[in-house]
Amino acid sequence: MYLKRFYGPPATEGDPPRVIGVKMLRAGRVQHFSAGFLDGGQGEGWLIRTADAVTIRATTGPVVYRLIRGPGAYCCYCEAAIPDAGTLLEPGLTIGRKHVLSQHGDALSPDPTNPAGYRVEHHYTGVLVGDTVEATTPEEAAQMERGVRDALAVKLRTKYGDTRGASAARRALKTAAAGGEG
Ligand SMILES: [Zn+2]
């Protein structure tokens with residue numbers, strides 16, 4: 001997902017610039033949302049969250065995701081949610097492993113990065129309601145990258161000052177670019 005944030009002057013002089021709106025440049029069909037992203041969007045007033053949906057109030061119109069999973073542990077074989085998966089039932093046997101062994105035997109985990117057969121997710125997963133949103137022109141696509149970079153630079157300069165902000169921005173860009181799928 002790529003959002004362009006629009007900034008306005010701060011409410012109080014000396015405060016960081018205020019986000020006054022967002023434009024949706026690209027919204028993939030499946031999206032991972034961190035708790036920080038959801039809280040931030042709500043705090044800045046452009047995101048509405050209910051028990052089962054996230055609505056981004058973009059300048060280009062609302063973009064709605066239906067939440068299908070929240071943070072927690074999930075079975076790699078059958079995708080069942082496994083509450084308290086990490087809790088030990090007896091030495092060497094967690095609730096998660098017990099589910100895997102009793103339901104799926106001791107076959108190799110379908111997910112090689114989670115050999116125990118279940119995985120822990122820290123994000124919310126949403127599925128887009130309606131059509132995907134894509135950047136409309138090549139120029140807009142290029143602006144997408146620039147917008148993300150500029151917004152981050154403003155944020156970090158505010159936080160760290162000009163010199164340290166610039167190098168922190170370069171470091172953080174990698175993180176931001178890896179921040180979601182779709
Ligand atoms: Zn299972």
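The values are calculated or read from the model by the stated rules, or taken from the named source; none is laboratory data. What you are looking at is a predicted structure, and each value in this text was computed from that prediction instead of being measured. No Cβ is skipped: glycine too gets one built from the backbone with ideal geometry, and neighbour counts run over all protein chains shown.
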**OP:** Give just the number: which of (1) in contact with a Gly (Cβ under 9 Å, 6 or more places away or on another chain); (2) surrounded by 12 or more Cβ atoms within 10 Å (Cβ to Cβ); (3) not assigned by TED's automatic domain parsing to the domain that holds residue 129 does residue 53 not satisfy?
**Re:** (3)
Subject >> Check on residue 99, more than 15 Å from the chain's Cα centre (by Cα) and either at negative phi or within 16 Å of the ligand (Cβ to nearest atom) (or both) >> reply: yes
Original post:
Quick check: is even one residue across the range 43-59 without any contact (Cβ under 8 Å) to a residue 60 or more places away in the chain and among the basic types (Lys, Arg)?
Top reply: yes
Subject >> Residue, modelled with the highest pLDDT, within the range 18-75, restricted to residues that are of a type in the set (Ser, Thr, Tyr) and farther than 19 Å from residue 123 by Cα >> reply: 59
Original post:
Taking the condition of a type in the set (Ser, Thr, Tyr) and touching a Leu at 6+ places or on another chain (Cβ under 8 Å), does residue 55 pass?
Top reply: yes
**OP:** Sort through 81, 73 and tell me the only one that's within 15 Å of the ligand (Cβ to nearest atom), under 22 Å from residue 33 (Cα atoms) and crowded, with 18+ Cβ neighbours inside 10 Å.
**Re:** 73
Original post:
Condition test on residue 38, is it in contact with a helix residue (DSSP H, G or I) (Cβ under 7 Å, 6 or more places away or on another chain) and away from the ligand (no atom under 16 Å from the Cβ)?
Top reply: no
**OP:** Kindly indicate which of 87, 94, 59, 113 is among the β-branched types (Val, Ile, Thr), within 16 Å of the ligand (Cβ to nearest atom) and either exposed (fewer than 15 other Cβ atoms within 10 Å of the Cβ) or more than 21 Å from the chain's Cα centre (by Cα) (or both).
**Re:** 94
Original post:
Where in the range 1-82 are there strands (runs of 3 or more DSSP E), lying fully within it, with 1 or more residues that are small (Gly, Ala, Ser)?
Top reply: 2-8, 18-26, 53-58, 61-69, 72-75
**OP:** Could you please tell me which pairs satisfy a Cβ distance under 8 Å, a separation of 6+ or placement on different chains, a first residue in the range 61-90 that is in contact (Cβ under 8 Å) with a residue 24 or more places away in the chain, and a second residue that is within 15 Å of the ligand (Cβ to nearest atom) and polar (S, T, N, Q)?
**Re:** 75/103; 76/109; 76/114; 77/103; 77/109; 78/103; 85/94; 86/94
